[in-house]
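Peer 1: Got a structure for you, questions after.
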Amino acid sequence: MIVELKQAASGADIERVTALLNGEFRTIKALEFDGRRFLGVSGAREDLDPGAIASHPAVLATSQNDATTYFTRRSFKDLRTEIAIGERRLGGDDMLIIAGPCTVEGPDELWRTAEAVKRLGVHAFRAGAFKPRTSPYNFQGLGREGLAMLGTIGKEFSLPIVSEILDPRDVGLAEDHIDVIQVGTRNMTNQALLKAIGGSKLPTIIKRGSSSKLDELVRAAEFVMYGGNPNVALCERGIQTFENATRSTLDVSAVPVLRRTTHLPIVIDPSHAAGERAYVEPLALAAAVVGADALLIECHVDPGMMIKPGDGPQALRPDDLEALLEKIEAVLRSVGRRLAPRL
Ligand code: PEP
Ligand code: MN
C-alpha cells in the first residue's frame, strides 16, 4: 500500500502516521517524487482496516491495500514522464532512435559502427557487453571490459550509451560508464536487479519478457520506481506466439495500451521481434505510426562478420538504417509527429 502525505505534513505528523502503520504492516519506507512525499508499506495483516490510515489528517490519499502498481500508473501524475538522454528527451514530442550492434565484439567493429550511426545522427548508441544467452557455449560478451569500451565510445562520439546489465552488483559499473541501463527480456522478472536499479537514478529501459503480459512489464517498472528511480521506460520487443515466421511477434497494441495505463515512455525494438533484416523496416514504421517514443534498432557495419550464433541476420547495415530513417521521418510527418533533431 502507498500512503501519500499532505504537503503540510510535519515530521511529527509523519511519525504519528508511521506509528499507526507500524501496528499494521511489516515494512515501511519513505519515498519522494517531484516534492510529493509517500510512505510505501507492505506486509499487512489480514484484518487490516485501511480506514484509520486514510482518515488521518496528515494523509492525502492511500492506495488499495491490494494494489500492485501505484507510481507507474497513468493516474499518478498529470504529465507523461520524460527522461533526459543526452541532449534529447525520451517521452517528449519527438521520436528518438537508439541504434548499434547487438554485442560489443571488440574495439574495431564497435568504433566503426559508432562512427557510422553518429554520421546518421542517431540519438543514442546501443551494444551489449553482458549478454544473456540461452546456451553457455555462446559468446557471453566482454563484460566489464566491454562496458568500459562503450564509455570511451560515448565520450569520443558524444553519444549516450545504452547497454544491458545482468547482475545487481553491476549498477555502479553502469553508472561509471554508460547513460542508460537496459534490462533484457530474460531479466524482466529479476527483482534483485530491478531493486538495485531502483537505488540508482540512471535511466533504464525494461524490455518486456517474451511471455509476459503488459501488466507484468508495468509491475517490473514499479519495482524500479518503488526503489526511488523515476527514470524508467518500457520496451516492447516481441512476444512468443504460435507464429514462427518471425523470431517473435511484435505486439504493436502494447503502445496504445501502455499509453493509457502508464505515464512512462514506450520504446519499440523491431529488430528482436523481426529476427530478419527485411522485416525490421516495416515493423519500425508501424511503431512510428502507433506512437512509440523511441526505436531500439540493431545495426552493424558488417553483419556478415558478426560472432555466430548471434543477431547478424537482423542487423541493419548503416545504409539500411539511413534509408529507414528517411521513411520514418515521412511516416512521422503523416501522423503529425517528427524525429528528434539529429545529433
Ligand atoms: C538485445 O537487445 O540485444 C537483447 C538481448 O534483447 P532481448 O533482451 O530483447 O532479447
Ligand atoms: Mn541482440
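Peer 1: Amide H to amide H, which residues 5 or more places from LEU5 or on other chains are under 5 Å from it, using H placed in the peptide plane?
Peer 2: Placed amide hydrogens put ARG37, PHE38, LEU39, LEU60 under 5 Å from LEU5.
Peer 1: Sorted from largest down, give the three principal axis spans of the alpha carbons of the range 18-163, whole angstrom values.
Peer 2: 63, 41, 21
Peer 1: When the distances between all Cα atoms of the chain are binned every 20 Å from zero, what whole-number percent does each bin get?
Peer 2: Each 20 Å bin holds this share of Cα pairs: 31, 53, 16, 0.
Peer 1: Tell me, what is the 1.4 Å probe accessible area of ASP49, in Å² to the nearest 10?
Peer 2: It works out to around 90 Å².
Peer 1: Could you pull out every residue, at least 5 positions away or on a different chain, whose amide H is within less than 5 Å of the one on ILE206? Hs are placed 1.01 Å off N in the peptide plane, and Pro or chain starts have none.
Peer 2: Here VAL183, ALA233, LEU234, CYS235 satisfy the definition.
Peer 1: Here is a follow-up. Over the chain, what percent of the accessible surface lies on carbon and sulfur atoms, probe 1.4 Å? Kindly include the intermediate steps, with their values, before the conclusion.
Peer 2: Numbers: 7530 of 14970 Å².
C and S atoms contribute 50 percent here.
Peer 1: If you don't mind, there's one more thing I want to ask. What's the magnitude of the charge dipole for the chain around its Cα centre, counting Lys and Arg as +1 and Asp and Glu as -1 at the beta-carbon? Answer in Debye, nearest 20.
Peer 2: About 340 debye.
Peer 1: Moving to a separate point now. Compute, for MET305, the solvent-accessible surface of its heavy atoms (probe 1.4 Å) with the complete set of protein chains present, and express it in square angstrom to the nearest 10.
Peer 2: 140
Peer 1: How would GLU105, GLU216, GLU298 line up by accessible area, probe 1.4 Å, largest first?
Peer 2: Details: GLU105 40, GLU216 80, GLU298 0 Å².
Largest accessible area first, the residues go GLU216, GLU105, GLU298.
Peer 1: Let me ask something else. Let me check the size of the range 190-343 from its C-alpha atoms; what are the radius of gyration and Dmax in Å?
Peer 2: Here Rg and the maximum Cα pair distance are 16.0, 43 Å.
Peer 1: Largest first, what is the accessible-area ranking of PHE125, PHE242 with a 1.4 Å probe? Before the final figure, lay out the partial values.
Peer 2: Working: PHE125 0, PHE242 190 Å².
Accessible-area ranking of PHE125, PHE242, largest first: PHE242, PHE125.
Peer 1: Now, a different point. From the Cα trace of the range 96-223, what convex hull volume per residue do you get, rounded to a whole Å³?
Peer 2: Numbers: hull volume 13.5 nm³, N = 128.
Convex hull of Cα atoms, per residue: 105 Å³.
Peer 1: Let me have the 222 nm mean residue ellipticity of the chain computed from DSSP H runs of 4+ only, each contributing -39500 (n - 2.57), with the sum over all residues rounded to the nearest 500.
Peer 2: It comes out at -10000 deg cm²/dmol, rounded to the nearest 500.
Peer 1: Quick one: what are the phi-derived ³J(HN,Hα) couplings along the range 173-180, Karplus 6.51/-1.76/1.60 with θ = phi - 60°, whole Hz, x for glycine and proline?
Peer 2: Calculated HN-Hα couplings, in order: 4, 4, 4, 6, 10, 10, 9, 9 Hz.
Peer 1: Is there a pair in LYS29/LYS207; LYS6/LYS213; LYS118/LYS155 whose C-alpha atoms are over 23 Å apart, and which pairs would that be? Walk me through the numbers on the way to the answer.
Peer 2: Values: LYS29/LYS207 27 Å; LYS6/LYS213 34 Å; LYS118/LYS155 12 Å.
Checking Cα-Cα distances, LYS29/LYS207; LYS6/LYS213 exceed 23 Å.
Peer 1: Take the alpha-carbon positions of the range 166-254, form their convex hull, and give its projected area averaged over all directions (one quarter of the hull surface) in nm².
Peer 2: On the way: hull surface 22.9 nm².
Value for the range 166-254: 5.7 nm².
Peer 1: Next question, about the same structure. List the aspartates and glutamates whose Cα lies under 12 Å from the Cα of LYS201, skipping any in the same chain that are fewer than 8 positions away.
Peer 2: Within the straight-line limit of under 12 Å, LYS201 reaches these aspartates and glutamates: GLU175, ASP179.
Peer 1: Would you mind working out the accessible area per residue for the range 183-264, using a 1.4 Å probe, and quoting it in Å²?
Peer 2: Working: 3260 Å² over 82 residues.
Per residue, the range 183-264 has 40 Å² of solvent-accessible surface.
Peer 1: Expressed as an acute angle from 0 to 90° and rounded to the nearest 10, what is the orientation of the C-alpha long axis of helix 107-120 relative to the principal long axis of the chain?
Peer 2: 80
Peer 1: Give, in whole angstrom and from largest to smallest, the semi-axes √(5λ) of the equivalent ellipsoid of the range 272-343, with λ running over the eigenvalues of the Cα gyration tensor. Present the calculation step by step, with values, prior to reporting the outcome.
Peer 2: Numbers: eigenvalues 117, 31, 17 Å².
Each semi-axis is √(5λ); the values are 24, 12, 9 Å.
Peer 1: With θ set to phi - 60° and the Karplus curve 6.51 cos²θ - 1.76 cosθ + 1.60, what are the ³J(HN,Hα) couplings of the range 9-22 in order, to the nearest whole Hz, using x for Gly and Pro?
Peer 2: 3J(HN,Hα) across the range 9-22, in whole Hz: 4, 8, x, 5, 4, 4, 4, 5, 5, 4, 4, 4, 5, 4.
Peer 1: While we're looking at this one, here's another question. Taking amide H atoms as placed 1.01 Å from N in the peptide plane, list the residues 5 or more away in sequence, or in a different chain, whose amide H sits under 5 Å from that of ARG126.
Peer 2: Result for ARG126 returns ALA99, GLY100, VAL162.
The values are calculated or read from the model by the stated rules, or taken from the named source; none is laboratory data. All of these numbers come straight from a predicted model, not from anything done at the bench. Glycine gets a Cβ as well: all are built from the backbone with ideal geometry, and neighbour counts include every protein chain shown. Accessible surface is based on the protein model in full, side chains and every heavy atom, while ligands, DNA and RNA are left aside. Shrake-Rupley method; radii C 1.70, N 1.55, O 1.52, S 1.80 Å.
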